[in-house]
Amino acid sequence: MMGKFNISEKLIKIKPYVVDKTNYSVRLDANESFLAFPEELKTDLWEALNNVMFNRYPDTDSTELCMLYGRYCGIDPKYILAGNGSDEMIQILINGFLDCGDAVLTLKPDFSMYKFFASLMGAYVLEYDLGEELEFKIDDFVRLAKDEDVKLVIFSTPHNPTGRTISREEILYIVDKVDALVVVDEAYFEFCGETVIDCITKFENLAVMRTCSKAMSLAAARVGFIIAGEKIIENFKKVKTPFNVNALSQAAAAIILRHPELIKSNVEKIISERDYLYKRLVEIQKRVDREKFQVYPTKSNFVYIKSSEAKKIYESLKERAIGIRFFGKNLRINAGSREENDALLAALEEIL
Ligand code: PMP
(Lines give C-alpha, C1' and ligand atoms only; values in the text may rest on other atoms or scores of the structure.)
Protein backbone atom coordinates (compact mmCIF):
# COMPACT_ATOMS: atom_id res chain seq x y z
CA MET A 1 0.00 0.00 0.00
CA MET A 2 1.28 3.50 -0.82
CA GLY A 3 0.95 6.75 1.11
CA LYS A 4 1.43 7.27 4.81
CA PHE A 5 -0.25 8.88 7.79
CA ASN A 6 -0.16 8.64 11.58
CA ILE A 7 -3.11 7.94 13.83
CA SER A 8 -3.38 10.68 16.47
CA GLU A 9 -2.40 9.92 20.09
CA LYS A 10 -5.99 10.64 21.08
CA LEU A 11 -7.37 8.08 18.66
CA ILE A 12 -4.85 5.44 19.71
CA LYS A 13 -6.18 5.68 23.27
CA ILE A 14 -9.89 5.50 22.37
CA LYS A 15 -11.68 2.29 23.28
CA PRO A 16 -14.40 1.77 20.68
CA TYR A 17 -17.99 1.14 21.75
CA VAL A 18 -18.50 -2.53 20.98
CA VAL A 19 -21.97 -3.58 19.87
CA ASP A 20 -22.69 -7.26 20.46
CA LYS A 21 -23.85 -8.55 17.08
CA THR A 22 -24.71 -12.07 18.28
CA ASN A 23 -27.97 -13.32 16.86
CA TYR A 24 -29.69 -13.98 20.22
CA SER A 25 -33.13 -15.54 20.31
CA VAL A 26 -33.81 -13.65 23.57
CA ARG A 27 -32.18 -10.22 23.62
CA LEU A 28 -32.16 -8.48 27.00
CA ASP A 29 -28.89 -6.56 26.75
CA ALA A 30 -29.67 -3.13 25.27
CA ASN A 31 -32.46 -1.77 27.52
CA GLU A 32 -34.78 -1.54 24.53
CA SER A 33 -38.55 -1.85 24.78
CA PHE A 34 -39.72 -5.42 24.25
CA LEU A 35 -42.94 -4.00 22.78
CA ALA A 36 -43.13 -3.36 19.06
CA PHE A 37 -44.31 -0.01 17.71
CA PRO A 38 -48.10 -0.01 18.39
CA GLU A 39 -49.97 -1.96 15.71
CA GLU A 40 -52.94 0.45 15.83
CA LEU A 41 -50.65 3.31 14.73
CA LYS A 42 -49.12 1.49 11.77
CA THR A 43 -51.64 2.87 9.25
CA ASP A 44 -50.89 6.44 10.43
CA LEU A 45 -47.18 5.65 10.28
CA TRP A 46 -47.27 4.35 6.68
CA GLU A 47 -49.34 7.36 5.64
CA ALA A 48 -46.91 9.78 7.29
CA LEU A 49 -43.93 8.05 5.69
CA ASN A 50 -45.71 8.13 2.36
CA ASN A 51 -46.00 11.91 2.66
CA VAL A 52 -42.30 12.46 3.40
CA MET A 53 -40.70 14.58 0.68
CA PHE A 54 -37.62 12.49 0.03
CA ASN A 55 -36.12 15.05 -2.37
CA ARG A 56 -36.09 17.76 0.34
CA TYR A 57 -33.95 18.17 3.43
CA PRO A 58 -35.87 17.64 6.68
CA ASP A 59 -37.18 20.45 8.92
CA THR A 60 -34.04 21.82 10.56
CA ASP A 61 -35.86 22.57 13.84
CA SER A 62 -37.96 19.36 13.98
CA THR A 63 -40.75 21.84 14.72
CA GLU A 64 -43.71 19.49 14.95
CA LEU A 65 -41.71 16.88 16.84
CA CYS A 66 -40.58 19.41 19.45
CA MET A 67 -44.09 20.83 19.73
CA LEU A 68 -45.46 17.33 20.40
CA TYR A 69 -42.67 16.48 22.83
CA GLY A 70 -43.38 19.77 24.63
CA ARG A 71 -47.02 18.75 24.97
CA TYR A 72 -45.95 15.30 26.21
CA CYS A 73 -43.62 16.64 28.92
CA GLY A 74 -45.42 19.90 29.73
CA ILE A 75 -42.64 22.23 28.57
CA ASP A 76 -42.73 25.13 26.09
CA PRO A 77 -41.20 23.81 22.82
CA LYS A 78 -38.86 26.82 22.67
CA TYR A 79 -36.84 25.03 25.37
CA ILE A 80 -36.60 21.77 23.40
CA LEU A 81 -34.27 20.59 20.62
CA ALA A 82 -34.36 17.21 18.90
CA GLY A 83 -31.42 15.09 17.86
CA ASN A 84 -30.37 11.87 16.21
CA GLY A 85 -30.79 9.92 19.44
CA SER A 86 -29.56 11.25 22.77
CA ASP A 87 -26.16 9.96 21.67
CA GLU A 88 -25.95 12.89 19.26
CA MET A 89 -27.08 15.33 21.94
CA ILE A 90 -24.30 14.11 24.24
CA GLN A 91 -21.75 14.53 21.47
CA ILE A 92 -22.95 18.05 20.59
CA LEU A 93 -22.91 19.10 24.25
CA ILE A 94 -19.40 17.84 24.76
CA ASN A 95 -17.98 19.14 21.46
CA GLY A 96 -19.78 22.43 21.55
CA PHE A 97 -19.71 23.45 25.20
CA LEU A 98 -16.20 22.31 26.16
CA ASP A 99 -12.72 23.36 25.19
CA CYS A 100 -10.05 20.74 24.74
CA GLY A 101 -8.57 19.88 28.16
CA ASP A 102 -11.68 20.97 30.13
CA ALA A 103 -12.70 18.62 32.91
CA VAL A 104 -15.87 16.53 32.74
CA LEU A 105 -17.32 14.77 35.76
CA THR A 106 -19.44 11.66 35.49
CA LEU A 107 -20.11 8.55 37.55
CA LYS A 108 -18.34 5.20 37.47
CA PRO A 109 -20.13 3.27 36.17
CA ASP A 110 -22.51 5.23 33.95
CA PHE A 111 -23.57 5.33 30.29
CA SER A 112 -20.31 4.82 28.41
CA MET A 113 -20.98 7.42 25.70
CA TYR A 114 -20.22 10.28 28.13
CA LYS A 115 -16.64 9.14 28.56
CA PHE A 116 -16.33 8.08 24.94
CA PHE A 117 -17.25 11.49 23.47
CA ALA A 118 -15.37 13.40 26.16
CA SER A 119 -12.17 11.44 25.49
CA LEU A 120 -12.59 11.89 21.75
CA MET A 121 -12.89 15.63 22.28
CA GLY A 122 -9.69 15.70 24.34
CA ALA A 123 -11.48 16.55 27.58
CA TYR A 124 -10.18 15.42 30.96
CA VAL A 125 -12.61 12.82 32.27
CA LEU A 126 -13.16 12.46 36.01
CA GLU A 127 -15.25 9.60 37.29
CA TYR A 128 -16.81 9.56 40.74
CA ASP A 129 -16.52 5.88 41.65
CA LEU A 130 -19.70 4.49 43.21
CA GLY A 131 -17.64 1.58 44.53
CA GLU A 132 -18.75 -1.91 45.46
CA GLU A 133 -21.64 -0.66 47.60
CA LEU A 134 -22.84 1.86 45.00
CA GLU A 135 -22.58 4.72 47.47
CA PHE A 136 -23.17 8.26 46.24
CA LYS A 137 -21.92 10.87 48.69
CA ILE A 138 -23.15 14.11 47.31
CA ASP A 139 -20.75 16.40 49.18
CA ASP A 140 -17.75 14.43 47.89
CA PHE A 141 -19.18 14.63 44.40
CA VAL A 142 -19.69 18.40 44.58
CA ARG A 143 -16.25 18.90 46.14
CA LEU A 144 -14.64 16.95 43.31
CA ALA A 145 -16.45 19.12 40.75
CA LYS A 146 -15.25 22.29 42.50
CA ASP A 147 -11.68 21.20 43.25
CA GLU A 148 -11.10 20.06 39.69
CA ASP A 149 -12.81 23.08 38.14
CA VAL A 150 -15.16 20.83 36.21
CA LYS A 151 -16.99 22.45 33.27
CA LEU A 152 -19.53 19.72 32.63
CA VAL A 153 -21.25 17.30 34.99
CA ILE A 154 -23.19 14.49 33.31
CA PHE A 155 -24.96 11.45 34.73
CA SER A 156 -28.02 9.31 34.14
CA THR A 157 -30.98 8.96 36.49
CA PRO A 158 -32.47 6.39 36.62
CA HIS A 159 -28.89 5.37 36.52
CA ASN A 160 -27.54 3.03 33.85
CA PRO A 161 -26.53 0.32 34.79
CA THR A 162 -27.74 0.18 38.41
CA GLY A 163 -31.37 1.29 37.97
CA ARG A 164 -31.18 3.60 41.02
CA THR A 165 -32.11 7.26 40.97
CA ILE A 166 -30.41 10.34 42.30
CA SER A 167 -33.11 12.28 44.12
CA ARG A 168 -34.49 15.57 42.83
CA GLU A 169 -33.18 17.34 45.97
CA GLU A 170 -29.69 15.99 45.37
CA ILE A 171 -29.68 16.95 41.70
CA LEU A 172 -30.83 20.48 42.42
CA TYR A 173 -28.23 20.76 45.16
CA ILE A 174 -25.51 19.81 42.65
CA VAL A 175 -26.88 22.24 40.05
CA ASP A 176 -26.89 25.03 42.61
CA LYS A 177 -23.41 24.36 44.02
CA VAL A 178 -21.25 23.72 40.96
CA ASP A 179 -20.10 26.31 38.42
CA ALA A 180 -20.64 23.94 35.54
CA LEU A 181 -23.20 22.81 33.05
CA VAL A 182 -25.12 19.92 34.64
CA VAL A 183 -26.66 17.43 32.21
CA VAL A 184 -29.21 15.06 33.69
CA ASP A 185 -29.83 12.15 31.34
CA GLU A 186 -33.40 11.00 31.95
CA ALA A 187 -33.44 8.34 29.21
CA TYR A 188 -35.37 6.00 31.55
CA PHE A 189 -37.61 8.69 33.08
CA GLU A 190 -40.90 6.99 32.17
CA PHE A 191 -40.12 3.96 34.33
CA CYS A 192 -39.91 6.00 37.54
CA GLY A 193 -41.60 9.35 36.91
CA GLU A 194 -38.93 11.40 38.76
CA THR A 195 -37.69 14.43 36.84
CA VAL A 196 -36.09 17.86 37.13
CA ILE A 197 -37.41 18.99 33.76
CA ASP A 198 -39.60 21.63 35.44
CA CYS A 199 -36.45 23.36 36.78
CA ILE A 200 -34.78 24.16 33.45
CA THR A 201 -35.82 27.80 33.51
CA LYS A 202 -34.88 28.22 37.16
CA PHE A 203 -31.25 27.13 36.69
CA GLU A 204 -29.37 28.38 33.64
CA ASN A 205 -26.80 25.55 34.02
CA LEU A 206 -29.30 22.65 33.95
CA ALA A 207 -30.03 20.55 30.87
CA VAL A 208 -32.20 17.44 30.74
CA MET A 209 -31.92 14.73 28.10
CA ARG A 210 -34.72 12.43 27.02
CA THR A 211 -35.15 9.79 24.33
CA CYS A 212 -37.82 7.96 22.32
CA SER A 213 -35.63 4.81 22.37
CA LYS A 214 -36.77 3.26 25.65
CA ALA A 215 -40.40 3.85 26.61
CA MET A 216 -41.66 4.60 23.09
CA SER A 217 -40.44 1.52 21.18
CA LEU A 218 -38.50 3.71 18.76
CA ALA A 219 -34.84 2.81 19.25
CA ALA A 220 -34.49 2.22 15.51
CA ALA A 221 -35.60 5.75 14.63
CA ARG A 222 -32.89 7.44 16.75
CA VAL A 223 -34.72 10.39 18.30
CA GLY A 224 -33.57 12.17 21.44
CA PHE A 225 -34.11 15.58 23.02
CA ILE A 226 -32.35 18.20 25.05
CA ILE A 227 -34.55 20.35 27.24
CA ALA A 228 -32.92 23.41 28.76
CA GLY A 229 -33.18 27.16 29.34
CA GLU A 230 -32.54 29.83 26.69
CA LYS A 231 -28.78 30.20 27.19
CA ILE A 232 -28.10 26.50 26.59
CA ILE A 233 -30.62 26.13 23.75
CA GLU A 234 -29.32 29.20 21.88
CA ASN A 235 -25.74 27.98 22.05
CA PHE A 236 -26.69 24.39 21.29
CA LYS A 237 -28.36 25.60 18.07
CA LYS A 238 -25.06 27.17 17.00
CA VAL A 239 -23.29 23.81 17.00
CA LYS A 240 -26.02 21.42 15.90
CA THR A 241 -25.80 20.31 12.27
CA PRO A 242 -28.68 21.72 10.22
CA PHE A 243 -30.50 18.49 9.30
CA ASN A 244 -29.70 16.19 12.21
CA VAL A 245 -33.04 14.40 12.54
CA ASN A 246 -34.08 12.74 9.30
CA ALA A 247 -37.63 13.26 8.02
CA LEU A 248 -38.61 9.58 8.46
CA SER A 249 -37.68 9.65 12.14
CA GLN A 250 -39.38 12.99 12.72
CA ALA A 251 -42.57 11.55 11.21
CA ALA A 252 -42.39 8.26 13.16
CA ALA A 253 -41.76 9.93 16.52
CA ALA A 254 -44.54 12.45 15.88
CA ILE A 255 -47.02 9.59 15.40
CA ILE A 256 -46.32 8.01 18.80
CA LEU A 257 -46.18 11.38 20.57
CA ARG A 258 -49.70 12.12 19.37
CA HIS A 259 -50.81 9.13 21.45
CA PRO A 260 -49.54 9.65 25.00
CA GLU A 261 -52.20 7.19 26.22
CA LEU A 262 -50.47 4.41 24.26
CA ILE A 263 -47.05 5.40 25.62
CA LYS A 264 -48.55 5.26 29.10
CA SER A 265 -50.13 1.83 28.67
CA ASN A 266 -46.91 0.44 27.13
CA VAL A 267 -44.88 1.84 30.02
CA GLU A 268 -47.26 0.13 32.45
CA LYS A 269 -46.70 -3.19 30.64
CA ILE A 270 -42.91 -2.74 30.77
CA ILE A 271 -42.99 -1.83 34.47
CA SER A 272 -45.14 -4.86 35.20
CA GLU A 273 -42.66 -7.18 33.42
CA ARG A 274 -39.74 -5.47 35.16
CA ASP A 275 -41.38 -6.06 38.54
CA TYR A 276 -42.03 -9.70 37.63
CA LEU A 277 -38.42 -10.17 36.51
CA TYR A 278 -37.09 -8.47 39.65
CA LYS A 279 -39.27 -10.57 41.99
CA ARG A 280 -38.29 -13.83 40.32
CA LEU A 281 -34.59 -12.84 40.38
CA VAL A 282 -34.88 -12.10 44.11
CA GLU A 283 -36.35 -15.61 44.60
CA ILE A 284 -33.29 -17.04 42.87
CA GLN A 285 -31.05 -14.85 45.07
CA LYS A 286 -32.64 -16.33 48.20
CA ARG A 287 -31.59 -19.80 47.14
CA VAL A 288 -27.91 -19.04 46.47
CA ASP A 289 -25.04 -17.30 48.30
CA ARG A 290 -25.14 -13.49 48.45
CA GLU A 291 -21.75 -13.42 46.71
CA LYS A 292 -23.08 -15.51 43.90
CA PHE A 293 -26.14 -13.47 43.06
CA GLN A 294 -27.10 -10.11 44.52
CA VAL A 295 -30.03 -8.34 42.90
CA TYR A 296 -30.46 -4.56 43.24
CA PRO A 297 -33.83 -2.77 43.41
CA THR A 298 -34.60 -0.87 40.22
CA LYS A 299 -36.57 2.12 39.01
CA SER A 300 -35.78 1.51 35.37
CA ASN A 301 -36.61 -1.12 32.73
CA PHE A 302 -33.66 -3.32 33.71
CA VAL A 303 -32.22 -5.08 36.74
CA TYR A 304 -28.62 -4.92 37.98
CA ILE A 305 -26.99 -7.94 39.55
CA LYS A 306 -23.66 -8.33 41.31
CA SER A 307 -22.26 -11.84 41.05
CA SER A 308 -18.94 -13.56 41.67
CA GLU A 309 -19.99 -15.79 38.74
CA ALA A 310 -21.05 -13.02 36.39
CA LYS A 311 -18.78 -14.17 33.55
CA LYS A 312 -19.92 -17.76 33.78
CA ILE A 313 -23.58 -16.70 33.87
CA TYR A 314 -23.14 -14.38 30.88
CA GLU A 315 -21.33 -17.03 28.84
CA SER A 316 -23.73 -19.82 29.74
CA LEU A 317 -26.68 -17.65 28.76
CA LYS A 318 -24.93 -16.73 25.52
CA GLU A 319 -24.55 -20.44 24.70
CA ARG A 320 -28.33 -20.66 25.08
CA ALA A 321 -28.75 -17.67 22.72
CA ILE A 322 -29.89 -15.38 25.55
CA GLY A 323 -28.16 -11.98 25.57
CA ILE A 324 -27.60 -9.89 28.70
CA ARG A 325 -24.97 -7.22 29.57
CA PHE A 326 -21.84 -8.18 31.42
CA PHE A 327 -19.46 -5.76 33.16
CA GLY A 328 -16.74 -7.36 35.28
CA LYS A 329 -18.55 -8.72 38.34
CA ASN A 330 -21.88 -7.31 37.30
CA LEU A 331 -24.76 -8.11 35.02
CA ARG A 332 -27.58 -6.01 33.63
CA ILE A 333 -30.74 -7.59 32.30
CA ASN A 334 -33.59 -5.62 30.77
CA ALA A 335 -37.20 -6.69 31.12
CA GLY A 336 -38.48 -8.66 28.16
CA SER A 337 -41.87 -10.12 27.34
CA ARG A 338 -43.21 -12.73 29.80
CA GLU A 339 -41.96 -15.52 27.50
CA GLU A 340 -38.50 -13.94 27.23
CA ASN A 341 -38.30 -13.35 30.98
CA ASP A 342 -39.36 -16.93 31.69
CA ALA A 343 -36.80 -18.30 29.21
CA LEU A 344 -34.08 -16.27 30.94
CA LEU A 345 -35.21 -17.29 34.44
CA ALA A 346 -35.37 -21.00 33.53
CA ALA A 347 -31.85 -20.80 32.05
CA LEU A 348 -30.56 -18.97 35.16
CA GLU A 349 -32.06 -21.64 37.46
CA GLU A 350 -30.22 -24.27 35.46
CA ILE A 351 -26.90 -22.40 35.46
CA LEU A 352 -26.95 -21.53 39.15
N1 PMP B 1 -28.64 7.62 27.86
C2 PMP B 1 -28.61 6.50 28.56
C3 PMP B 1 -28.46 6.57 30.04
C4 PMP B 1 -28.72 5.26 27.91
O5 PMP B 1 -28.65 4.14 28.62
C6 PMP B 1 -28.86 5.23 26.50
C7 PMP B 1 -28.99 3.96 25.71
N8 PMP B 1 -28.53 2.81 26.21
C9 PMP B 1 -28.88 6.44 25.83
C10 PMP B 1 -28.78 7.62 26.53
C11 PMP B 1 -28.94 6.48 24.34
O12 PMP B 1 -30.19 6.84 23.91
P13 PMP B 1 -30.49 7.09 22.38
O14 PMP B 1 -31.01 5.82 21.82
O15 PMP B 1 -31.52 8.18 22.39
O16 PMP B 1 -29.23 7.53 21.71
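The values are calculated or read from the model by the stated rules, or taken from the named source; none is laboratory data. Not measured: the values here are computed from a predicted model. Ideal geometry is used to build each Cβ from the backbone, glycine not excepted, and the neighbour counts take in all protein chains shown.
One line per residue, one yes/no per condition, for (1) of a type in the set (Ser, Thr, Tyr); (2) in contact with a Pro (Cβ under 6 Å, 6 or more places away or on another chain); (3) closer than 25 Å to residue 298 by Cβ; (4) within 16 Å of the ligand (Cβ to nearest atom):
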position: 169; (1), (2), (3), (4): no, no, yes, no
position: 172; (1), (2), (3), (4): no, no, yes, no
position: 178; (1), (2), (3), (4): no, no, no, no
position: 185; (1), (2), (3), (4): no, no, yes, yes
position: 191; (1), (2), (3), (4): no, no, yes, yes
position: 198; (1), (2), (3), (4): no, no, yes, no
position: 201; (1), (2), (3), (4): yes, no, no, no
position: 212; (1), (2), (3), (4): no, no, yes, yes
position: 216; (1), (2), (3), (4): no, no, yes, yes
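Looking at the structure I just gave you, is residue 204 over 27 Å from residue 325 (Cα atoms), of a type in the set (Asp, Glu) and in contact with a Gly (Cβ under 6 Å, 6 or more places away or on another chain)? If you could, list the steps in order and put the result at the bottom.
Values: over 27 Å from residue 325 (Cα atoms): yes; of a type in the set (Asp, Glu): yes; in contact with a Gly (Cβ under 6 Å, 6 or more places away or on another chain): yes.
Considered against the rule, which asks whether it is over 27 Å from residue 325 (Cα atoms), of a type in the set (Asp, Glu) and in contact with a Gly (Cβ under 6 Å, 6 or more places away or on another chain), residue 204 comes out as yes.
Conditions (1) in the same structural domain as residue 58 (by TED's automatic domain parsing); (2) of a type in the set (A, V, I, L, M); (3) in a helix (DSSP H, G or I), marked per residue:
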| residue | (1), (2), (3) |
| --- | --- |
| 144 | yes, yes, yes |
| 158 | yes, no, no |
| 169 | yes, no, yes |
| 173 | yes, no, yes |
| 194 | yes, no, no |
| 198 | yes, no, yes |
| 213 | yes, no, no |
| 217 | yes, no, no |
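Could you tell me whether any residue of the range 76-99 is within 21 Å of residue 225 (Cα to Cα) and in contact with a Pro (Cβ under 9 Å, 6 or more places away or on another chain)? If you could, list the steps in order and put the result at the bottom.
Filtering the range 76-99 for residues within 21 Å of residue 225 (Cα to Cα) gives 76-98.
Remaining after also requiring in contact with a Pro (Cβ under 9 Å, 6 or more places away or on another chain): none.
Within the range 76-99, not a single residue is within 21 Å of residue 225 (Cα to Cα) and in contact with a Pro (Cβ under 9 Å, 6 or more places away or on another chain).
For residue 239, indicate whether it is outside the structural domain of residue 344 (by TED's automatic domain parsing) and more than 18 Å from residue 34 (Cα to Cα).
Numbers: outside the structural domain of residue 344 (by TED's automatic domain parsing): yes; more than 18 Å from residue 34 (Cα to Cα): yes.
In short, yes.
Evaluate the following for residue 80: is it assigned by TED's automatic domain parsing to the domain that holds residue 220 and within 13 Å of the ligand (Cβ to nearest atom)?
Working: assigned by TED's automatic domain parsing to the domain that holds residue 220: yes; within 13 Å of the ligand (Cβ to nearest atom): no.
Answer is no for this residue.
Could you tell me whether residue 167 is on the phi > 0 side of the Ramachandran plot and among the small types (Gly, Ala, Ser)?
Working: on the phi > 0 side of the Ramachandran plot: no; among the small types (Gly, Ala, Ser): yes.
No: the conditions fail for residue 167.
For the range 258-312, give me the residue count where each residue is within 19 Å of residue 29 (Cβ to Cβ), surrounded by fewer than 16 Cβ atoms within 10 Å (Cβ to Cβ) and either free of Cβ contacts under 8 Å to residues at least 40 places away in the same chain or in the same structural domain as residue 67 (by TED's automatic domain parsing) (or both).
Of the residues in the range 258-312, 2 are within 19 Å of residue 29 (Cβ to Cβ), surrounded by fewer than 16 Cβ atoms within 10 Å (Cβ to Cβ) and either free of Cβ contacts under 8 Å to residues at least 40 places away in the same chain or in the same structural domain as residue 67 (by TED's automatic domain parsing) (or both).
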